[in-house]
1. Report Rg (one decimal) and Dmax (nearest whole number) for the stretch B:213-294, counting Cα atoms only, units Å.
2. Give me the dipole magnitude in Debye, nearest 20, for the protein assembly as shown about the Cα centre, with unit charges on the beta carbon: positive for Lys and Arg, negative for Asp and Glu.
3. Using only the alpha carbons of the stretch B:293-350, determine the length spanned along each of the three principal axes and report them from longest to shortest in whole angstroms.
4. Kindly state, to the nearest 0.05, the FRET efficiency for A:Asp266 paired with A:Val436, given R0 = 60 Å and r defined as their beta-carbon distance.
5. On average, how many beta carbons from a partner chain sit within 10 Å of the beta carbon of a residue in B:307-317?
6. Straight-line reach from B:Lys313: which aspartates and glutamates have a Cα under 15 Å away, not including same-chain ones fewer than 8 places off?
7. For chain A, place one equal point scatterer on every Cα, skip the solvent, and apply the Debye formula. What is log10 of I(q)/I(0) at q = 0.10 Å⁻¹?
8. Would you calculate the convex hull of the Cα atoms in the stretch B:74-157 and tell me its volume per residue in Å³?
Amino acid sequence: MTQHDTIIIGGGHNGLICATLLARAGQRVVLLEANRNLGGLAATREFFSGFNAPLASTLYAMPEKIVAELQLDQHGYTPSSQTLDLIALSRNENPIHIKADTIGGAEVGESTSYGDYQSMLRTFAKALAPFWSKTMPAISDRKLSSLATFGHLGIKLRTMGRADMLEFFRVAMLPMRDLVDEYFKSESLRAALCWDGLVGTSMAPRSPNQSVITVLSRMAGSHGGLHTIPSQGMSSLISALESAAIAAGVEIRTETPVSKVIVGGDEHGQQVDGVLLANGETIRASRVVSSADPKTTFLNLVGAPALEIEFTNRIRRLRTKGYVAKLNLALSSLPKFKGLDEPNGRMITADKMDDLEFAWDSAKYGEIPETPVMEIVIPSLRARGLAPEGKHVLSANVMYIPGQISGGWTAAKKQELLSRLIAILDLHAPGLSTLVEHAELLTPEDIQNEFNVSGGHWHHAEPSVDQLLMMRPTYEAAQYATPIPGLYLCGAGSHPGGDISGNAGRNAAKAILS
Amino acid sequence: MTNNPDRLRQNSTDPYAGERLKLSYFHERQAPLNLRDAWSAWNGFKFADYYYDTDYEYFCIRNTCGTYDICPMQKYIIDGPDALAMLDRMVTRDLTKLGVNRVTYCGWCNDSGRLIDDGTIFRLSDEKFMLTCGSPCIAWLRKSSLGFSNLEITEATEDFAALSLQGPTSFATLKAMGLGEVEQLKPFNLIHLPFQDGEIMISRTGFTGDLGYELWVEPRLALPMWDALYEAGANYGIQPYGEAATNMARLEAGFLMPYMEFNEALKTVNFEYDQTPLELGLGWLVDFKKPHFNGRRALLRQKNEGLKVKLLKLDIEGNKVAEEAILYNDEKQSREIGYVTSAMWSPAVKANIAFAMVDAKAANGEIWAEIYYQRELRQQMKMARCTIKDKPFWVHPRARQTPPSLT
């Protein structure tokens, strides 16, 4: 039997990155993925014969550093430099195109404001960027390295200059709405600019919390927050990560769900001893690194009896309700959106911020919103092989859709939501409904079940201030190590959180190797 | 009047009903005996500090027998296939070794290994346990049960009328009451015996370090049991005793009192103003060989790193009680090394005794107590040399003898 030093649970991008870095450092690593495909929420799946789409359709947060460090270019991955415009769709007005520095289709004044807005956010994003790829110091930890991290953050904020630093402290916890209200007039523009602070969280435009921080973390990527789609598709990123892992010596086993993390030990303390697979097989290793979400890892795989009581209750209290549903459409041809030559951007279907707010109001009481808001991309315009020749895939993130609705999700309820979504699409792209060959709708509950993610939450745990930084997912597990010796976290539930960035996987590997 | 402890709260003519203290199931008998009306409160119950005279009640415990009302003590039933595993993970002692009809003293800690409370666990059947403790614990029990789905936790405090019977004639009293079968009951065992048309559960347990029992009946049998007990005990010097006498007996026996020797960890505000079992000399309660239990990691660390403070039993020269005294490393008070948590003049041992929390390093050197006392209203201070005692201040073979003596 092969001896392993480390078992990685979960073959999403974080698990793959962590596995590769550990294997390169000389560890014998086996990675176990429950599903058939690697990639987790970024895995590309065939949702209809000949039509493929990943849940995560675009890239924005993947640092060049990780791509370079893993030499993903040598494994078939080429990052795209073609950014997608963020397009504010409106039922009654012309679409507004938001690019890196300019705005098209809005009043002149808006463009000037956008320059100021972007310049401010970039200053802040740049100051914060180093901290997404660092292990956060533990609370009350007085180690030199921890103090250095605090010091570094202080210096970064201070060197922005006094005015910018104070402005940062003023806006950091603002609701998205208050921030964009200060800068813009157009309703649909404000709504579209809110989107990146909100999507994947349980925040709406009026929620004060970390939405601005979310925007800033998403701006840390190569294109200042604008999205791209690799020309070979998201699958090219995942297969490059797989290839890099295999090249580093990682043994990858798919369709291998883990049912238990084995915790052994003796009178001198606990120690991880391997995992028990759902098929009854045991794999021994003194280190287990889980990219599964914290609730799944601690409550299901480890189990409360092997953990401390207060810690377990903190994990139970983690807020993990996801509110993003996925709509995938197989289209017989390219739809025509009003006011757009080509729907080759990232389109937000909110006339105004209240569309988001009201959708959230329904969702938070367990109701399906009357008018959900969508972020639409047609990835087949950018990446080859997603749809048969001449046909297209429309992929939309739908907010705010509760995982649990009153009375529970039924086929009829899903159909009702699907009809509403297609009706909304028809308003923006008349006749789109006639092009639909197949529609797939994944509620957060479906995402939870299919991808083994608590609550179907994009970030495994809400990225709110109480669950961020040295509190992510909770203290005593926020530096990737957990209370159980040998057990580590490396997924989106750890700092800095979700999105396809790989920082959590990379930070975890660094923490394990240090 | 009924045996409902909430009866005052149901009195619609009393505008303060909800604010009044609850009355114990034994109140109707205890109140006339409380000659001094010396009432205080415990867990919302009206509770006797003493009935007539603290010293007199103390001497009853040591020389004849006395009853102490444990109705206000918190009682929980944990029942189900997961009950043993859940409690075993919660407490520091190995509960898997606890047989049916046995009782064990144990403590439980927060994640940081700080003592939340101590108490006793009764194994009533394979899957059914009763936990008793001084302070309400239901929230902690519920938190502790996360991940153990197959059990039920019931707050059972008011489901029992319970009385502690302590002292050398306690067995003789029970025998005279017709419960002679307790003769074979060993310390920490329990037995169910018929009583009138019901049942009485008797455990050989207590908080005095002496021969003694705790009697548990359903509330409707509270007064019949009291009457039978006091009739049987009339010639054996039976007398109710209150909190003050308990506190004397328990200190002599070397038992800890919450809020004196330790602050309950869940209620402590200042960092580490609570204590670990190791600091409290309860290392014998902490079983690192058993599977995981709460606080284990922190306690292991403390065991390996060594204690910073520890609870000591002190024999103090002279007869001035060292209550609230600060301790020093020499008579000149060069360095402060700790403080007294409980102190008394022990009539049984004829010694000036105390529990004290002391810097572990200083425990090897001299220990001096700065004692303040009054002489006809004039404040006096003296420095008194302290000697560490390893054993409980007072132990008597009758406490463990089976069959027990009648006197």
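The values are calculated or read from the model by the stated rules, or taken from the named source; none is laboratory data. These numbers were taken from a predicted model, which means no experiment stands behind them. With ideal geometry, Cβ positions are generated from the backbone for all residues, glycine too; neighbour counts draw on all protein chains shown. The accessibility values were calculated without ligands, DNA or RNA, using every heavy atom of the protein model including side chains. Shrake-Rupley method; radii C 1.70, N 1.55, O 1.52, S 1.80 Å.
1. Radius of gyration, then largest Cα-Cα span, for the stretch B:213-294: 18.9, 52 Å.
2. About 1860 debye.
3. So the extents along the principal axes, rounded to whole Å, are 43, 33, 15.
4. With a Förster radius of 60 Å, E is 0.50.
5. Across B:307-317, the average partner-chain Cβ count within 10 Å equals 0.
6. Once the sequence-local aspartates and glutamates are set aside, what remains near B:Lys313 is B:Glu252, B:Glu261, B:Glu279, B:Glu323, B:Glu324, B:Asp359, B:Glu366, B:Asp390.
7. Debye output, listed in q order: -0.76.
8. Per residue, the Cα convex hull of the stretch B:74-157 comes to 78 Å³.
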